[in-house]
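Structure, as structure tokens:
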Number of protein chains: 2
Amino acid sequence: MTDTTRVVLAQRPHGEPTDSDLVVEQATLPDPQPGQALLQTLYLSLDPYMRGRMSDAKSYAPPVEIGGTMVGATVSRVIDCPAGEFAPGDIVLGYGGWQTYSVEPTSYLRRLDPEQAPVTTALGVLGMPGMTAYAGLLEIGRPQAGETVVVAAATGPVGSAVGQIARAKGARAVGIAGGPEKVAYLRELGFDAAVDHRAPDFVEQLAAATPDGIDVYFENVGGAVFDAVFPRMNTFGRIPVCGLVSGYNATELPDGPDRVGWLMSQVLRKSLTVRGFIQSEFADRLADDFQQDMSGWIADGTVKYREDIVDGFDNVRDAFRGLLKGGNFGKLVVKIAD
Amino acid sequence: MTDTTRVVLAQRPHGEPTDSDLVVEQATLPDPQPGQALLQTLYLSLDPYMRGRMSDAKSYAPPVEIGGTMVGATVSRVIDCPAGEFAPGDIVLGYGGWQTYSVEPTSYLRRLDPEQAPVTTALGVLGMPGMTAYAGLLEIGRPQAGETVVVAAATGPVGSAVGQIARAKGARAVGIAGGPEKVAYLRELGFDAAVDHRAPDFVEQLAAATPDGIDVYFENVGGAVFDAVFPRMNTFGRIPVCGLVSGYNATELPDGPDRVGWLMSQVLRKSLTVRGFIQSEFADRLADDFQQDMSGWIADGTVKYREDIVDGFDNVRDAFRGLLKGGNFGKLVVKIAD
């Protein structure tokens, strides 16, 4: 039996998740059975979707139960695997959640080769966030050469991949990010234009960066950024919707007027496509293409990535709150152990 | 030279179009030149999209100019065609608009065969409204056998075709209409369920009629009907948006709260597709399939249609105002001459 330290959902948050919502506790794990492995967590992925799992609103995935361990992908080291599918010391992608050790079915695990790519990339550019960018942009956004693709949270793991893949497909990539440092980084990544949503002249900056309007808006933020982007959509524009992080902590609807009718009239007048998705919908069909394309793009420098690695399990909750506010810079990963 | 009586757009309406916005005037048409034909209007089609053309808001089609004749499809008789592409007495589908005579390029005209189908069907079930239903439902809605398709304004030319085509594809068709007489007619047409949006228990009726939720909502109405339908959409639901007639006369946004963020969060959580369209986008590619399928469905009784024929040019403006309020029953056509 192995002791684990973990974060459990003690109650459903109202607004920003507090330390009373997310409680750290000690627990003892059962010994792994055949078909299972005992794993030590090395890295924990933190992603905006986790805020949704804290809520019991109807969604594509069931919520975390009250008292349950917060879910999340991990890079872990195999400690014990009774049936021998993995050897002690193997590094695997798992789903142990916010805890220092876990026992997981071996069928959920994927062996990682530290020689091929840094293992943390399995949580980011070569993992779920990368697939979200790849599938949403190419299957729903379908950018054509010369078209304008706009993405917000553009220094994040999804947004940065969206912009760089758009450029690989010959489209013009415009990134939106918060603050001059992130905007400068987007230019380094090769975005054709970058706009600061915290600047007082954000709307004017966006207009200047999209002189021919917007053909694809990859939506992962919502709120004020959406309000600025949406009126600039071109006829036959596409809006893949993969997240709305700006609203995840919202506790009530904003004041009116009610713009639902206005939004629908724009959808009608401009023949827009608005399409919500989650990458798992495409994962089976596109997994091979994704791994091949994305690792090729990383190898030849077409796609660069950045990681924001926070050290220590004690910082998990603060790091997650920062993520929801756009405080991190690059793919957010918590390093739990060496 | 031939005299015509016509309705011109004297000023852009604010709200419901008044007789001061839409002014009847006499005019004299020039003689037709080679490549043109002088036509006498027999039937004028009235359709909700015409309200959009009275406004200068950005749209898929340019607005009618101030002082210009209101646009619209017509069934007309050829009076004179100098180059002989049509013979005097030929019946054609044209676009002469709201007037008793017109001079039109012959390239715009399509000869109709009164032996094959009543000529008014070229304005309805075998014309633009029928194509709107066919293309929007099959290309965007993509109903699968056993799925639930909901359509509002279901006794109208678009809605009645949507429901009947859905049934031809093996889906369950639920129609929404205003008042018991229209609801009864939907049952006659073979809709699996029919709901009265004017009934005080409309929301409960809709829930009872869609026990398995809604997979496709063909949106042509907006407003309160949308508000009732949208929360019942199933995961991976599709919403082709072809019109929002309930809001066409609206002069300002309704009071809040602002539900745009809520709508987008539903799109995300349920992986919904919301797609605006106009039938012309599909017309070239689907024209042959449409004519063949739809005339076959009419011939074998799969698709029935109903026309609401108002008599006399003097009634054009009142009939159009009634259309925007849901006052007509079936495809609205004004008979201008025998």
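The values are calculated or read from the model by the stated rules, or taken from the named source; none is laboratory data. Since we're looking at a predicted model, the values are computed, not measured. Here Cβ is always computed from backbone atoms with ideal geometry, including for glycine, and neighbour counts include all displayed protein chains. These area figures cover heavy atoms from the full protein model, side chains too; ligands, DNA and RNA do not enter into them. Shrake-Rupley method; radii C 1.70, N 1.55, O 1.52, S 1.80 Å.
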(message) Apply the a/c threshold of 1.5 to the C-alpha gyration tensor of the protein assembly as shown and tell me whether it is rounded, prolate or oblate.
(response) prolate
(request) Give the relative contact order (percent, whole number) for chain B; include only Cα pairs under 8 Å separated by 6+ residues. (result) 17
(message) Net charge around B:Leu29, counting only other residues with Cβ within less than 12 Å of its Cβ (Lys, Arg = +1; Asp, Glu = -1)?
(response) -3
(message) Report the A-B buried area as the accessible area lost on both sides summed, probe 1.4 Å, in Å² to the nearest 100.
(response) 3400
(message) Restricting the calculation to Cα positions, tell me the Rg (one decimal) and the Dmax (whole number) of region A:65-188 in Å.
(response) 18.2, 55
(message) Is the C-alpha gyration tensor of region B:80-127 telling us rounded, prolate or oblate? Criteria: a/c under 1.5 is rounded; beyond that, a/b larger than b/c is prolate, otherwise oblate.
(response) oblate
(request) Using a 10 Å Cβ count of at most 13 others and DSSP loop calls, identify the longest part of chain B lacking such GluC sites (Glu not before Pro). (result) B:116-251
(request) Run the 1.4 Å probe and let me know the accessible area of B:Thr302, rounded to the nearest 10 Å². (result) 50
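For peptide B:273-281, how many partner chain Cβ atoms fall within 10 Å of a residue's Cβ, on average?
6
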(message) Please compare each pair in B:Lys58/B:Lys331; B:Lys182/B:Lys325; A:Lys58/A:Lys270; B:Lys270/B:Lys325; B:Lys58/B:Lys270; A:Lys270/B:Lys304 to a cut-off of 22 Å on the Cα-Cα distance and tell me which ones are over it.
(response) B:Lys58/B:Lys331; A:Lys58/A:Lys270; B:Lys270/B:Lys325; B:Lys58/B:Lys270; A:Lys270/B:Lys304
(request) Would you please classify the overall shape of region B:228-338 from the alpha carbon gyration tensor, given that a ≥ b ≥ c denote the square roots of the eigenvalues, rounded means a/c under 1.5, and beyond that prolate means a/b larger than b/c while oblate covers the rest? (result) oblate
(request) Over all alpha-carbon pairs in region B:1-138, figure out the percentage whose distance exceeds 27 Å. (result) 25
(request) Kindly give the distances from A:Val23 to its copy-mates, label point to label point, with each label point 7 Å from Cα along Cα→Cβ, as nm values to one decimal ordered shortest first. (result) 7.6
(request) Between B:Ala117 and B:Leu253, with labels modelled 7 Å along Cα→Cβ, what's the label distance in nm to one decimal, could you check? (result) 4.2
(message) Using a 7 Å offset from the Cα along the Cα-to-Cβ direction at both B:Gln292 and B:Ala337, what is the distance between the two label points in nm, to one decimal?
(response) 3.8
(request) Indicate, rounded to the nearest 5 percent, the antiparallel portion of the DSSP beta bridges found entirely in the protein assembly as shown. (result) 60
(request) Report the convex hull volume per residue for chain B, counting only C-alpha atoms, in Å³. (result) 136
(request) May I ask you to list the residues of region B:1-41 whose amide nitrogen lies under 16 Å from a point 7 Å from Cα along the Cα→beta-carbon direction of B:Ala57? (result) B:12-17
(message) 7 Å along Cα→Cβ for the label point: how many nanometres lie between B:Asn315 and each equivalent label in the other copies, listed shortest first?
(response) 7.8
(request) Under 17 Å from a label point 7 Å along Cα→Cβ of B:Arg285: give me every residue in region A:248-291 with its amide N that close. (result) A:271-274
(request) Treat each spin label as a single point 7 Å out from the Cα along the C-beta direction, and report the A:Glu204 to A:Ala145 distance in nm. (result) 3.6
(message) Just to confirm, what accessible area per residue do you get for region B:87-172 at 1.4 Å probe, in whole Å²?
(response) 35
(request) Take the alpha carbon atoms of region B:36-85, find their radius of gyration, then divide it by 2.2 N^0.38 Å using N residues; give the quotient. (result) 1.44
(request) With a 1.4 Å probe and every protein chain left in place, tell me how much accessible area B:Tyr43 has, in Å² to the nearest 10. (result) 40
(message) Restricting to DSSP H runs of at least four residues, report the calculated mean residue ellipticity at 222 nm for chain A, -39500 (n - 2.57) per run over all residues, nearest 500 deg cm²/dmol.
(response) -7500 deg cm²/dmol
(request) Compute the label-point distances linking A:Glu188 to its equivalents in the other copies; points lie 7 Å from Cα along Cα→Cβ; give nm, one decimal, shortest first. (result) 7.2
(request) Select the chain B residue whose beta carbon lies nearest to the rotation axis carrying chain B onto chain A, and write the distance in whole Å. (result) B:Gly256, 1
(request) Can you send over the solvent-accessible area of A:Val24, 1.4 Å probe, protein chains only, in Å² to the nearest 10? (result) 60
(request) Output the antiparallel fraction of DSSP beta bridges having both residues in chain A, as a percent to the nearest 5. (result) 55
(request) Would you mind checking the radius of gyration and Dmax of region A:128-280 based on alpha-carbon positions, in Å? (result) 14.4, 41
(request) Just tell me, in residue order, which DSSP H segments of chain B are both 15 angstrom or longer along the helix axis (alpha-carbon based) and at least -1.0 in mean Kyte-Doolittle hydropathy. (result) B:157-168, B:280-299
